[in-house]
Amino acid sequence: MEAEGAQQQQQQQQQQQQQQPPPAAPAAAAAEDGKKQKNIMKPAENNPAVPSLYIRNISEKVGKEELRKSLWQMFNQFGDIVDIYCKPRVLKCKGQAWVCFKDVASSTAAARAMQGYSFYNQNIQIEFSRNKSDYTAKQDGTFVERKKKKRRMDDVGKKKKLRMDKKPSHMGGTPNKILFVEQCPEDRPDVERLLHCYFQHFPGFKEVRVVPGNSGFAFVEFTDEGCAGQALSGLQDFSLAGKKLKISFAKK
């Protein structure tokens, strides 16, 4: 009888243990779980879906032209890009950029695919932009022309003089609205598209023509000599696919 009573008591203890809830996870593990949840950012939950993306946590060591090129190469697979805005030398814009697509479907696909992507050894964070791009505003009829800040005449004169002083001495030749570009990467079949991508951001740009049979040379045409001169100064010695471009005015 005593043996049966002891057996019944042991069975009751086992049943009570099974009914008790499992012990709580250690505080450290719970904190780590919370940290992981916090790091997963879904862009669609931050702002309403729009064609423009706001990208942050970009390395501040990357120059403007290289950054524009890298962003274009990374995001153009998701759809047509109408503009890329970045000013890494401006303090309030450091580590940030805006990529504007033609439609929301493209920006949504890009945000989902590239969220947390390692870009120049830093994991970028992507959100839908809070503000409309000029392109989107013009499409939906809400575009309002921004007022340009008035500059003092003495400041304008100083800046013009500074630009003149900075003109490279190797420009040479007679100014022309057509530029001759040498040392283009011949191993890139898309060299004409790459050149178009960079030169189109200068005022007065018209077209790029790669020399038939020799993709190492190209002509870039602008509306006038002044616009061509700005592009020459801005992209002289610019590195394109590992090769420094050599630009001069085309001979008339």
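The values are calculated or read from the model by the stated rules, or taken from the named source; none is laboratory data. Everything numeric in this text was worked out from a predicted model, so none of it was measured. Methodologically, a virtual Cβ is constructed for each residue, glycine included, from the backbone with ideal geometry; neighbour enumeration extends over all protein chains shown. Note: accessible area is taken over every heavy atom of the protein model, side chains too, but ligands, DNA and RNA are not part of it. Shrake-Rupley method; radii C 1.70, N 1.55, O 1.52, S 1.80 Å.
In segment 118-146, the residues that are within 14 Å of residue 51 (Cβ to Cβ) form Cβ pairs under 8 Å with partners that are assigned to a loop (DSSP other than H, G, I, E, B) and hydroxyl-bearing (Ser, Thr, Tyr), at six or more places apart or across chains, as follows: 132/142. Among the residues of segment 92-104, those that are open to solvent by 20 Å² or more (accessible area, probe 1.4 Å), closer than 18 Å to residue 138 by Cβ and outside any helix (DSSP H, G or I) comprise 98, 102, 103.
Within segment 181-197, the set of residues being without any contact (Cβ under 8 Å) to a residue 60 or more places away in the chain and open to solvent by 30 Å² or more (accessible area, probe 1.4 Å) comprises 186, 187, 188, 189, 190, 192, 193, 196. Figure legend. Inter-residue proximity from segment 45-71: first residues modelled with pLDDT of 90 or more, second residues among the charged types (D, E, K, R) and open to solvent by 50 Å² or more (accessible area, probe 1.4 Å), beta-carbon distance below 6 Å, spacing 6+ or different chains. Indicated pairs: 51/103. Taken over segment 105-144, the criterion of being outside any loop (DSSP other than H, G, I, E, B), over 23 Å from residue 60 (Cα atoms) and open to solvent by 70 Å² or more (accessible area, probe 1.4 Å) is satisfied by 105, 112, 135, 138, 139, 140. Just wondering, is there one or more residues in segment 212-229 that are loosely packed, with under 14 Cβ neighbours inside 10 Å, free of Cβ contacts under 8 Å to residues at least 40 places away in the same chain and either under 28 Å from residue 80 (Cβ atoms) or of a type in the set (A, V, I, L, M, F, W, C) (or both)? Yes: segment 212-229 contains one or more residues that are loosely packed, with under 14 Cβ neighbours inside 10 Å, free of Cβ contacts under 8 Å to residues at least 40 places away in the same chain and either under 28 Å from residue 80 (Cβ atoms) or of a type in the set (A, V, I, L, M, F, W, C) (or both).
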